[in-house]
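The values are calculated or read from the model by the stated rules, or taken from the named source; none is laboratory data. Just so we're clear, the structure is a prediction, and the values are computed from it rather than from any experiment. Methodologically, a virtual Cβ is constructed for each residue, glycine included, from the backbone with ideal geometry; neighbour enumeration extends over all protein chains shown.
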Amino acid sequence: MMRVKLLLSVSILFALSTDIYAQRRAAKNEDSEESYKSFTSVGITTNTNSGILGGAVFRQSSALPSKLFGKNQYRYLAVEVVNVKHPKELSTQDFVTGARLVFGKENYLFVVRPEYGRELSLFSRQDDEGISISAIVAAGPSLGLEKPYMVQFQSSDGRVITEPFDPVKHAGSTQSTGIVGAGSFFQGFGQMKVVPGLHIKTAMSFELSAFRENVTGLEIGFVAEAFTRKVQIMAFAENRSLFTSGYLTLYFGSKKR
């Protein structure tokens, strides 16, 4: 909930700044605005379905010869790798051993999103102190990777076994099931399942850098994503095949004229 409020607050702040910036630019000559041939960047992202660090993004925009609504437009290509969490996930810690566990978690969900779309330059800066604002619409396939959540289970003979969480075998409390903690994150990749899907996103990009060739900026947007089946993230909660989220990406890159 706090992350949703933060994203809404940032969105409102940038919407207000966009309006002020648009009024200042309206009186200036558009022919003198900055244009570029390509823009390549990498970034880190957070969203309302993830933790603080939601994933990583690579994106590239290339200029197109034609204009749209009198504005420069660009071919937008991107690849995102994100972690999607269930809203019912709750991490607990054993005060004796210090082991952490998300009880009931069956799988991690990692999503690889190749994207193709258009970026439309709404306002381009005319000096190194300006702010560039653009709108983005993109879509593409979603490659969902369901990786088992591993738990450490103490058997009746005292041995500690690491295995995927089983909602039948491990039902009940951690005390009654013999679970002593979560297994290593790097275990279980060999048992990973692929869940295909599709996604679409809309976004606003705000370039904040002080130098024209080197770019720092924010991308704020919304993603809707559908998979071919329900993704089993939590055992004792409703799982979904359709996900929606707001996101914020901080990116760094460079332009070529």
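Brief remarks on what is shown
- Residue in the range 90-100 that is of a type in the set (D, E) and either closer than 23 Å to K256 by Cβ or in a strand (DSSP E or B) (or both) present: no
- Filter result for S156 (among the hydroxyl-bearing types (S, T, Y), at pLDDT below 95 and not in a strand (DSSP E or B)): yes
- Filtered residue count, the range 52-86, keeping only those that are surrounded by 13 or more Cβ atoms within 10 Å (Cβ to Cβ) and assigned to a loop (DSSP other than H, G, I, E, B): 3
- Flag if A226 is surrounded by 12 or more Cβ atoms within 10 Å (Cβ to Cβ) and modelled with pLDDT of 80 or more: yes
- Counting the residues of the range 224-247 that are within 29 Å of F39 (Cβ to Cβ) and in contact with a Gly (Cβ under 8 Å, 6 or more places away or on another chain) gives 3.
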